[in-house]
Amino acid sequence: MRPLPGRDLSKSNAHFARAAERLPLGVSSTFRYWGDDRTIYVDHGKGGRIWDIDGNAYIDYRLGYGPAILGYADDRVDAAARRGMEVGGVFALSTENELVVADRIAAMVPAAEMVRFSNSGTEAVMAALRLARAHTGRDSYLLVEGGYHGLFDAAMWMANVEGWDRNSNRDPEIVSYSRGIPQELKTLAHLVPMNDLQRLEDTFRRYGDTMAAMLIEPIQGNCCGIAASADYVRLARSLCDQYGVLLIIDEVKTGFRVARGGVQSLYGVTPDICTFAKAVANGYPIAVVAGRREVMRTFRYGGAAHGGTYTAHAVSLAAAAECLRILDETPALETIARYGEALKAGISAILNRRGIAHSYAGHPSMFGLFFAERAPDNYRDWKTSDYSFYDQMAHYLHDLGVICEPDSREPWFVCEAHGTDSHCLAETLKAVETAVDLTLEHVEADRRA
Ligand code: PMP
């Protein structure tokens, strides 16, 4: 779809043509490719906004998939990061600041008796699964459909609901979502649909004695913020206890965002291991594996291997110390939640005036928008719902200066700077209103055609 008049992408398009000759798809992460004529290149970001190389300004609700919890180029965090630069980088030795950040995390997160750092969400979850396997001496594990835990082989199994007949009595087939994943690894991964308590019990009865871990995002950060019921998460906890399986709550998206203590504190369920990444340092690369002391002590010589050249880099650590201080000691998260509620209410008013059925899932700081009366409560239902209205609206929003993920599975993310910028809300809602009307016209034109 060509951009609306008024949005010039000629520099991004020209850059794409050059970049695609050197960088596969012209980008450094495949999800950043939005089509040959719609892939944009960022010049810079500040607060809740970004500017592309053509000079188009956008209010951004992707926030790098969540990291910019305070807003881009936050002066407080960046000043701390600059001080971190003076430390000298990485040494293949530890620095005192690791304990400062670990103490902060332990004070904020119920499960975090001990802490280790990683560089990315993928690395942290990979370490968590290895830790669980090393601790239990078991290899298989349980995933929840619609969850995402990063780009490593063990986490890349999904329920294939394309072409699946939901009335068939059969589960969708388990497939890898990339080529290059050894198919024999599939036997180690079990998958269950979210919020089906009976299926969870049955799966533990069948495989519980051989499973090292159950991995869950109680609010699915990569599936519209679909949320587990409290009963489901509590059942997961008790089945894990009963079968000696370690519960890993992946808080890479929810951590330091939905609450100071993460999604685990909202549910009142304490995992054995939890992982964090996005909001830890407002975008500086650092991730966290935290958990129960006895389990975490399995990170040792002769136990579970863990480490890495760039782990606990001084710049990221300094940024994390300041970002977590702000999230812990100031009302930043309240500002974020209040803005998220106001944004949802504003979008609802626009849709209600036009009689468009819709609903939300997730948390106001990371919410999914559905064009259906009721939000789905698992991935199978998302897949079978109609998300074409969303897809079309997202394209118009980009043209109108509001960036949300074009894939409706990705929630809308809110940062503190959205809440403190007095124009963001009104500007966003104006664009939403226009985008909704253009989408309605588009749907009508399609119907007539
Ligand atoms: N777990 C969850 C819940 C995630 O949302 C993501 C990233 N979207 C990851 C793990 C992987 O993190 P990263 O992209 O930093 O490797």
On the formula 1/(1 + (r/R0)^6), with r taken between the Cβ atoms of Tyr310 and His423 and R0 of 35 Å, the FRET efficiency rounded to 0.05 is 0.40
Mean projected area (nm²) from the convex hull of Cα positions in the stretch 151-246 is 6.9
Output the direction-averaged projected area (hull surface divided by four) of the convex hull of the alpha-carbon atoms of the chain, in nm². 22.4
Among Ala128, Ala357, Ala321, residue whose mean-square fluctuation peaks in a GNM of the chain (springs only between Cα atoms under 10 Å): Ala357
Based on C-alpha coordinates, I'd like the Rg and Dmax of the stretch 187-287, in Å. 13.7, 42
Label-point separation (nm) for Ser29 and Asp241, each offset 7 Å from Cα along Cα-to-Cβ? 3.7
Stretch Asp153-Asp165 to full length: gain in nm at 0.36 nm per residue minus the Cα-Cα span? 1.6 nm
Leaving out ligands and nucleic acids, note down the accessible area per residue over the stretch 265-328 with a 1.4 angstrom probe, in whole Å². 37
Carbon/sulfur accessible area of the stretch 1-145, % of total, 1.4 Å probe, equals 53
Under a straight-distance cross-link criterion of Cα-Cα below 26 Å, which lysines are reachable from Lys253, leaving out those fewer than 8 residues away in the same chain? Lys46, Lys186, Lys278, Lys344, Lys383
Take every DSSP beta bridge with both residues inside the chain and express the antiparallel ones as a percent of the total, to the nearest 5. 65
According to the Cα gyration tensor, what semi-axes, each the square root of 5 times an eigenvalue, does the equivalent ellipsoid of the stretch 355-443 have, listed from largest to smallest in whole Å? 22, 17, 11
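Normalised radius of gyration for the stretch 1-80, please: alpha carbon Rg relative to 2.2 N^0.38 Å, two decimal places.
Compactness ratio reported: 1.19.
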Fluctuation leader among Thr95, Thr30, Thr210 - the chain, Gaussian network, Cα springs under 10 angstrom: Thr30
Excluding Leu239 itself, what net charge comes from residues whose Cβ is under 14 Å from its Cβ, given Lys and Arg +1 and Asp and Glu -1? -2
Dimensionless Rg/Rh of the stretch 376-424 - Kirkwood Rh, Rg from C-alpha atoms: 1.07
Hey, with R₀ at 22 Å, roughly what FRET efficiency would Glu334 and Val100 work out to, going by the Cβ-Cβ distance, to 0.05? 0.35
Label Leu185 and Ser359 with points 7 Å out from Cα along Cα→Cβ: what is the distance between them in nm? 3.5
Give the separation of the Cα centroids, the stretch 413-445 to the stretch 73-151, in Å. 35
The stretch 247-331: translational diffusion in µm²/s, Stokes-Einstein, Kirkwood Rh over Cα pairs, 25 °C, 0.890 mPa s: 179
Gain upon complete extension [Asp139, Tyr207; 0.36 nm per residue less C-alpha separation]: 23.4 nm
Among 263-276, 35-48, how do they line up by average Cβ neighbours within 10 Å per residue, starting with the highest? 263-276, 35-48
How large is the direction-averaged shadow of the alpha-carbon convex hull of the stretch 144-189, in nm²? 3.6
Share of pairwise Cα separations in the stretch 245-402, more than 18 Å, in percent: 70
Say each of Asp437 and Ser10 gets a label point 7 Å from the Cα, pointing the same way as Cα to Cβ; how far apart are those two points in nm? 2.9
How high is the relative contact order of the chain, given as a whole-number percent (alpha carbon pairs under 8 Å, six or more residues apart)? 22
What percentage of all Cα-Cα pairs in the stretch 104-220 are separated by more than 21 Å? 43
Relative compactness, the stretch 1-48, computed as alpha-carbon Rg over 2.2 N^0.38 Å: 1.19
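The values are calculated or read from the model by the stated rules, or taken from the named source; none is laboratory data. Quick caveat: nothing in here was measured; it's all calculated off a predicted structure. Neighbour counts run over all protein chains shown; Cβ positions are idealised from the backbone, glycine included. The protein model used for the area step is the full one, side chains on, heavy atoms only, and it has no ligands, DNA or RNA in it. Shrake-Rupley method; radii C 1.70, N 1.55, O 1.52, S 1.80 Å.
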